[in-house]
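Coordinate-derived values only; no laboratory data. Values in this document were obtained by computation on a predicted structure and should not be read as measured data. Don't worry about glycine lacking a Cβ; one is built from the backbone with ideal geometry, like all the others, and counts go over all protein chains shown.
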Amino acid sequence: MHTRTIGPFTVSALGLGCMSMSWGYGAADDATSERLLQEALDAGYTFLDTAAMYGMGHNESLIGRALGHRRGEFTLASKCGIARGEDGNLSVNGRPEVLRRTCEQSLRNLQTEVIDLYYLHRLDPQVPVEESVGVLARLVDEGKVRSIGLSEVSSETLRRAHAVHPITAVQSEYSLWARTPERRMLATCRELGVGFVPFSPLGRGFLTGRAQDITHLEEGDIRTNVCRPRFEPDNFATNQRLLQPFGEIAAEQGCSMAQMALAWVLEREEGTLVPIPGTKHPEYMRENAAAGNIRLDAAVVARLDGLINDRTVKGERYNAQLMASIDSEKD
C-alpha cells in the first residue's frame, strides 16, 4: 500500500478503523479480531484508529493485547471526550481532568507509553475548546501524546483550537453519501495545513452493497438507532436504487463497490486524505486494502459525484438528537 502524510507521520494511504471489533455493528469475536489486527499490519496498514469509548476500553485493550509487541510498526490514533457519567450513561465530557484521566487509562489499555494522534472525540458545549485542547497540549509536553486531533467539529472550532496548539488532523464522516466536509472543512484544513481523516468512507456499509435496512440488522447495531434515518425501510429502499448503477460503474472499473467507494475518497483533495474504513471481517480488510491500487479517471469521478451525493440520498446521517449535538458549520 502506498503512503501519505498526516502531520509528522507517514502512514498507509488507508487506515484501519477498529471500532466494530468492539462496538457499533453487533457482536464481534476477539480471537478473530486479534487475527485481523495482526494480518492488517502484514497487509500494509500502518495507521490504526480507536477510541476510549469503543467498548469502554475494550477496543484499546484488544489492540494493546494483540499488537503491543509490534507497537513500532504503526501510527496509533485514539480519542477522548466521551465518558460514562455517575448515572452510567455516556455523554460528551471535555473537562480537562476527565480528558487527562481518560488518557492515562488509554495508555494502560493500549500497553504503550505514547499515543501518536489523540483526538478530542466530540466538542463539549459546556467547555470552551481552548480548555480541552489546552490539557491535550500539556499531555504533548509530558510525552504522553505526540499530536492532537479533533473529531466532528466545525471550521470555526478548528481555528480556535489551532490557535491554542497546532492541530494535526480533523476526523469527520466523509464519503460519496456524506459530503458535509466539502462545504468548508476541507478548505479550512488546506489553509491551515491540517490533515483530514474520513471515517465511515463506505457509508456505514451501504456503499459496499451488503448493508440491509433496520428490520434485518442485529441488536446492538448503531444503524438501528443513532444512524437510523438512512436505514429506515422507506429511505433505504429509495437509497438502494442508487446501487445498481453504482455497481455497474464498479464492474466497468474491474473492482468491487467497496473498493470503488474508497478509491473515490482517495482521489479527493489531490490525494491527501487518509480514510479509515472499519471492519471486523479479515476478508473485508484485505478487500479494502486493494483499493489503494485503483485509480479513477476524472470522467468516472464525475459520474460518481452525480450519482450519489447529499441531494440524491434520502435521510439524515444521524438521528435528530445526535445531529443537534454535533458542532456543525453555522451556514
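Please give the helix 155-164 orientation as an angle from the longest Cα principal axis of the chain, in degrees from 0 to 90, rounded to the nearest 10. The answer is roughly 30 degrees. Ordering His281, His216 from the fewest to the most neighbouring beta carbons within 10 Å gives His216, His281. Over all other residues within a Cβ to Cβ distance under 11 Å of Asn239, the charged ones net out to 0, with Lys and Arg as +1 and Asp and Glu as -1.
Computed from the Cβ-Cβ distance with R0 of 30 Å, the FRET efficiency linking Ser91 to Arg70 stands at 0.30.
Taking a ≥ b ≥ c as the square roots of the eigenvalues of the Cα gyration tensor of segment 127-260, is the shape rounded (a/c under 1.5), prolate (a/b larger than b/c) or oblate? It comes out prolate by the Cα gyration axes. One chain, two ends: Glu283 and Glu248. Fully extended at 0.36 nm per residue, the span grows by 10.4 nm beyond their Cα-Cα distance. Helix 58-67 and the longest principal axis of the Cα set of the chain meet at an angle near 90°. Estimated at 0.36 nm per residue, the fully extended path between Arg190 and Thr3 surpasses their Cα-Cα distance by 65.4 nm.
Helical content of the chain, expressed as a calculated mean residue ellipticity at 222 nm, amounts to -11000 deg cm²/dmol (DSSP H runs of 4 or more residues, -39,500 (n - 2.57) each, divided by residue number, nearest 500).
Length available on full extension from Val226 to Arg138: 0.36 nm per residue minus the Cα-Cα distance, which gives 28.3 nm. Given Gly81, Ala161, Tyr25, which one lies farthest toward the positive end of the charge dipole of the chain, if we put +1 on the Cβ of every Lys and Arg and -1 on the Cβ of every Asp and Glu? Projecting each Cα onto the dipole axis, the largest value belongs to Ala161.
Build a GNM of the chain with springs between Cα atoms under 10 Å apart, and of Ser22, Ser147, Ser91 the one that fluctuates most is Ser91.
Hey, quick one: spin label on Val114, modelled 7 Å out along Cα-Cβ, who in segment 28-50 has an amide N within reach, i.e. under 20 Å? Only 46-50 pass the distance filter. Where in segment 19-44 does the amide nitrogen come within less than 14 Å of the point 7 Å from the Cα of Gln212, taken along Cα to Cβ? What the label zone holds, given the 14 Å backbone N cut-off, is 26-27. The mean sequence separation of alpha-carbon pairs under 8 Å and at least six residues apart, normalised by the residue count of the chain, gives a relative contact order of 21 percent.
The label point for Met323 and the one for Glu39, both projected 7 Å from the Cα toward the Cβ, are 3.8 nm apart.
Segment 134-197 and segment 58-114 have their alpha-carbon centroids 19 Å apart.
When all alpha carbon pairs of segment 3-325 are counted in 20 Å bins from zero, the resulting P(r) reads 33, 61, 6 %. Residues of segment 234-263 with backbone nitrogen within less than 16 Å of a virtual label 7 Å along the Cα-to-Cβ line of Leu307, please, listed as ranges. Correct set: 239-263.
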